[in-house]
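Encoded as structure tokens, the structure appears first; notes follow it.
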Amino acid sequence: MHEPEPQRSPSSIELLFDTEADAAIRAEWDALAAAGMSSLAAHTSASNRPHLTLVARVGLPALGAEVFDGIPSFPLTLGAPLLFGCGDRRVLARSIVPTGELLALRSLVHDAVGPGTDAPHTAPGEWMPHVALARRLRVADLPAALDLIGRDIAAHARVVRHWDPAATSITTLAELPPRRVSAR
């Protein structure tokens, strides 16, 4: 009898935010947890940081820092809440407004990793930029959860990292430098 191959978790290329935006997202995680709701605050691993997944798949190739040469930090807006999934428990997330700079970075990363079978919500044509707040929020708790989420969060893209859960490794691929202001 043939035993099925164990299911592997996808690794991901992720975008991290500036310190202030990171703290604002963590404050929302903490508010959800303090109210007794599902929250990413409960996940205390070093890999658990507020982030935007650019691509996720099993067998994701390694990228070199040169892929990100010349890409400066850019502003982002973490906006309205959204839900993923079905049933009585859902993923609660904040949407991220897709700017030209974000779409260009996403396209660059996807071109660099090449074709493959992407995880849901990260494939071309399906990508939904977001930051997760809770993984198993009860739909019945949604009104109270929404009361705990503040206004839009102004953020800056700061770091690109590779998270590989199979190797339990986090690799910083690039620190995006501040945009240079040209003298006139």
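Convex hull volume of the C-alpha atoms in the range 111-160, normalised per residue: 141 Å³.
The accessible-area ordering, largest first, of the residues L108, L15, L103 stands as L103, L108, L15, per a 1.4 angstrom probe. Using the Cβ-Cβ distance between E175 and D152 with R0 set to 30 Å, the FRET efficiency works out to roughly 0.75. Amide H contacts of F74 (H built 1.01 Å from N, in plane; Pro and chain starts excluded): A157 sit under 5 Å, all sequence-distant by 5 or more or on other chains.
The length gained by stretching the chain between A23 and L108 to full extension, at 0.36 nm per residue less their Cα-Cα distance, is 27.8 nm. Residue by residue, the range 48-64 carries 3J(HN,Hα) couplings of 7, 10, x, 7, 10, 7, 8, 7, 9, 6, 6, x, 5, x, 6, 10, x Hz when phi is fed to the Karplus relation 6.51 cos²θ - 1.76 cosθ + 1.60 (θ = phi - 60°); x denotes Gly or Pro.
Think of each Lys and Arg Cβ as +1 and each Asp and Glu Cβ as -1; about the Cα centre, that makes the dipole of the range 1-144 roughly 500 debye. Using equal-weight Cα scatterers in the Debye expression, the normalised intensity of the chain in log10 at q = 0.09 Å⁻¹ is -0.34. Computed extension length for S45-S9: 11.4 nm, one decimal, from 0.36 nm per residue of separation with the Cα-Cα distance subtracted. Mean residue ellipticity, 222 nm, helices only, the chain: the sum of -39500 (n - 2.57) across DSSP H runs of n ≥ 4, divided by residue count and rounded to 500, is -6500 deg cm²/dmol.
The values are calculated or read from the model by the stated rules, or taken from the named source; none is laboratory data. Here the structure is a predicted model, which is why all the values come from computation and not from measurement. Here the Cβ is made from the backbone with ideal geometry for all residues, glycine too, and neighbour counts use every protein chain on show. Please note that ligands, DNA and RNA were not included when accessible areas were found on the heavy atoms of the full protein model with its side chains. Shrake-Rupley method; radii C 1.70, N 1.55, O 1.52, S 1.80 Å.
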